[in-house]
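The numbers here are math on the coordinates, done by the rules we state, and not lab data. For clarity, every value in this text was computed on a predicted model and none was experimentally measured. Cβ placement follows ideal geometry from the backbone for every residue including glycine, while neighbour counts extend to all protein chains displayed.
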Amino acid sequence: MKKLLDIKNLYTIAEDDHNKKILNGLNLTINEGEVHVIMGPNGSGKSTLANTCFNSPKYITTKGEIIFDGEDITDKSPDYISKKGIFMSFQNPEEIPGVSLANFLKTIRKAKTNEKINIASFYKEVNEYMDQLGMDRSYAQRELNVGFSGGEKKKTEILQMLILDPKLVILDETDSGLDVDAIKVVSKGLDLYKDENNSILIITHTPSIIKNLKVDKVHILINGKIVKTGDASLADEIFKNGYKDYINEEN
Ligand SMILES: Nc1ncnc2c1ncn2[C@@H]1O[C@H](COP(=O)(O)OP(=O)(O)OP(=O)(O)O)[C@@H](O)[C@H]1O
Ligand SMILES: [Mg+2]
């Protein structure tokens, strides 16, 4: 199996507080075609891991490396990493006044493919995705995320994911605050996206999204390190018992 993401011995500190050690020798390998889940207590470093994969300026990598699709991306720009094929769903997507969702989707597709877009077939594709996701087509004409509810923003992100067709999707608590119907939309979107060549990394505290997916591996992240890896049953164990057994091991 081909390794898609290979994180080796990663140490990360906060940009605005160099004494704040967050990731602490983290190792993680995701192969092509796999679905991985990361769970862990609040503050254990899950969002930091997601942001570090994108080389967010908020964090500094002090040791280790991130190999993605055969290339060291540890020091590459977020823009480069996105074009290379990682898509991240942010906890709070930004509002962009003056830019319609349709235009935004066109821009990101163009930036990714570097090809001229056939407008008619592009809108047909967008409309088909919106229909499949049960999104009202009129959203395409609204300003990106402006006045969108939390759930609508998440649906819009799933649409962006489908338009970009990345190699790896990282979802950081995409399910939090979503009603049951919106969760179905996210699950449906992941279903439409997933094939044997691409991979998903889901960060979550709840069973809602992962129960509809075939999960290959579940990791427990505590104090900036993966302390346990298992199959889907490990998530069930955590939902039932919490982290106490793993936290004790660490302390
Ligand atoms: N810029 C920063 N400056 C100082 N500390 C930070 C910074 N960013 C993150 N941290 C700290 O690093 C730790 C890990 O944060 P992170 O957001 O990665 O946790 P998390 O696992 O995603 O938690 P949650 O489940 O609550 O989302 C926390 O203690 C947080 O306060
Ligand atoms: Mg987080």
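Using a Förster distance of 30 Å, how high is the FRET efficiency between residue 149 and residue 72, based on the Cβ-Cβ distance and rounded to 0.05?
Here the calculated transfer efficiency is 0.15.
In nm, to one decimal, how far is the residue 24 label point from the residue 42 one, both placed 7 Å along Cα→Cβ?
Distance between label points: 1.9 nm.
For a bin width of 5 Å, list the pair-distance distribution of the chain built from all Cα-Cα distances, rounded to whole %.
1, 6, 13, 17, 19, 17, 13, 8, 4, 1, 0, 0
Which is the longest part of the chain that has none of the trypsin sites (Lys or Arg not before Pro) sitting in a DSSP loop with at most 10 other Cβ atoms within 10 Å?
In short, 3-115.
Sort 95, 32 so the one with the fewest other Cβ atoms within 10 Å of its own Cβ comes first.
Fewest-to-most ranking of 95, 32: 95, 32.
With the crude spin-label approximation of a point 7 Å out along Cα→Cβ, what separation in nm comes out for residue 56 versus residue 2?
Label-label distance for residue 56 and residue 2, simple model: 2.9 nm.
Could you work out how much longer the chain between residue 206 and residue 9 gets when fully extended? Use 0.36 nm per residue separation minus the Cα distance between them, nm to one decimal.
So the extension gain works out to 68.2 nm.
Pairs to check: 112/225; 3/83; 46/153; 112/217; 8/225. Give those whose C-alpha atoms are more than 23 Å from each other in this structure.
Flagged as over cut-off: 112/225; 112/217.
In what order do 44, 100, 121 fall by count of nearby beta-carbon atoms within 10 Å, going from fewest to most?
Exposure proxy ranking, most exposed first: 121, 100, 44.
Over the chain, what is the relative contact order in whole percent, taking alpha-carbon pairs under 8 Å and six or more residues apart?
Value for the chain: 27 percent.
Which order results if 205, 18 are arranged by neighbouring Cβ count within 10 Å, fewest first?
Fewest-to-most Cβ neighbours within 10 Å comes out as 18, 205.
Applying 1/(1 + (r/R0)^6) with R0 = 30 Å to the Cβ-Cβ distance of residue 180 and residue 118, what FRET efficiency is obtained, to the nearest 0.05?
The pair residue 180/residue 118 has a calculated efficiency of 0.20.
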